[in-house]
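Structure, as structure tokens:
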Amino acid sequence: MYKIVVVNQCPCFKKSSLENNIKFQSKDDALTKALEMKKTMNNEFCKKHTFELEEMYNNFVIKFYSDARNNCCGNGCCS
């Protein structure tokens, strides 16, 4: 079983028709859907974040880092 997990769900994701924790029997199907979701999120959402895809065990994790990461002061508040 393979799953697509969207962490740090932004308001754009919550308003969208995209689903979280989608399960697939096939790794290829899960990867194809995860790539499609990431592309949609990067192209159609508000562009305050850049979404990245990471494979972690049997999960494909879609996450973002806020732009604050690029200007972080280092005290942990930007994580």
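Here is how the numbers come out for the structure above:
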| item | result |
| --- | --- |
| The listed residue being at pLDDT below 95 and assigned to a helix (DSSP H, G or I), out of 75, 70 | 70 |
| Pair list, Cβ < 8 Å and 6+ apart or interchain, from region 16-34 residues that are over 12 Å from residue 58 (Cβ atoms) to residues that are basic (Lys, Arg) and not in a helix (DSSP H, G or I) | 21/3; 22/3 |
| In region 1-52, the residues that are assigned to a strand (DSSP E or B), under 12 Å from the mean Cα position of the chain (by Cα) and buried (at least 16 other Cβ atoms within 10 Å of the Cβ) | 4, 6, 49, 51 |
| Pairs with Cβ under 8 Å, 6+ apart, first in region 37-51 and closer than 13 Å to residue 8 by Cβ, second in a helix (DSSP H, G or I) and of a type outside the set (A, V, I, L, M, F, W, C) | 48/67; 49/67; 50/42; 51/38; 51/42 |
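The values are calculated or read from the model by the stated rules, or taken from the named source; none is laboratory data. These figures come from a predicted structure and were not determined experimentally. Positions of Cβ are backbone-derived with ideal geometry, glycine not excepted, and every protein chain shown enters the neighbour counts.
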